[in-house]
């Protein structure tokens, strides 16, 4: 007698279960989920301290491309919540943050993030930005230099120029192709993103003018980054100058925070603590 079983993919969602776990972990780490209206049709979601202690410095963790901030910073939290008031925002159009405003630039993201921190009573902070989140963090540092104590940019190709696409430095031929890789809409495109993000993967960025000075800054790069090649890390180090330190993590690609979390966290702790 044959017996039919329900389709397990309909009964179990890996992403939903991981999302539940991360939500539990963030809550257990002393954070709470909070959505804030910034006006002009903009809502930003952020994990904020359940109890903010004025005696502690503030640390803002800014995610890159992905579903939401939890997936990229779950490993980091326990190392910093004892020493910092930690804030983990969802950037606009990620997680539960959204806007009706037509602006889509990193500058707008940075202004929204700064507005959110102001509403939280945070005037000065250290900030970590991964990939696209680093573009936003860099823009915030340019617009509000007085607000930042320390800045960490991880695999953030802010020195990338359009001519680099033609020279073959970036592994795509156009910004449209970059968008398709970085924001996959199909399983095939997601696998392509994983292939270029990891050294050992599981079975459009516009150029803009750079600030002349940012202090003090840690640059973290995967040695085999195929999204923003290591050359961009050396270029950014030369641009910022002696106030920046470049750390290269071996046997890691663009997803260095996920591929080599221990090394990533070690360098964050050395710099921030």
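The values are calculated or read from the model by the stated rules, or taken from the named source; none is laboratory data. This is a predicted model, so every value here is computed, not measured. In this analysis, Cβ positions are derived from the backbone assuming ideal geometry, glycine residues included, and neighbour counts consider all displayed protein chains.
Note on region 36-80: among residues that are in a loop (DSSP other than H, G, I, E, B) and at positive phi, the one that is surrounded by the most Cβ atoms within 10 Å (Cβ to Cβ) is 66. From the list 265, 227, the one residue that fits, being under 17 Å from the mean Cα position of the chain (by Cα), at pLDDT below 90, more than 17 Å from residue 138 (Cα to Cα) and crowded, with 16+ Cβ neighbours inside 10 Å, is 227. When 151, 190 are checked against the criterion of being within 27 Å of residue 75 (Cβ to Cβ), outside any loop (DSSP other than H, G, I, E, B) and at pLDDT 70 or above, 151 stands alone in meeting it.
With respect to (1) touching a helix residue (DSSP H, G or I) at 6+ places or on another chain (Cβ under 7 Å); (2) within 22 Å of residue 130 (Cα to Cα), the lone exception for residue 48 is condition (1). Considering only residues in region 17-31 that are part of a helix (DSSP H, G or I) and more than 18 Å from the chain's Cα centre (by Cα), the one that is modelled with the lowest pLDDT turns out to be 18.
Listed here are the residues, each with its yes/no results for (1) in contact with a helix residue (DSSP H, G or I) (Cβ under 6 Å, 6 or more places away or on another chain); (2) modelled with pLDDT under 95; (3) closer than 18 Å to residue 58 by Cβ; (4) buried (at least 16 other Cβ atoms within 10 Å of the Cβ).
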{"position": "96", "(1), (2), (3), (4)": "no, yes, no, no"}
{"position": "106", "(1), (2), (3), (4)": "yes, yes, no, yes"}
{"position": "127", "(1), (2), (3), (4)": "yes, no, yes, yes"}
{"position": "141", "(1), (2), (3), (4)": "no, yes, yes, yes"}
{"position": "159", "(1), (2), (3), (4)": "yes, yes, no, yes"}
{"position": "165", "(1), (2), (3), (4)": "no, yes, no, yes"}
{"position": "168", "(1), (2), (3), (4)": "no, yes, no, no"}
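Just one of the numbered conditions (1) buried (at least 19 other Cβ atoms within 10 Å of the Cβ); (2) in a helix (DSSP H, G or I); (3) at pLDDT 95 or above is not true of residue 219: (2).
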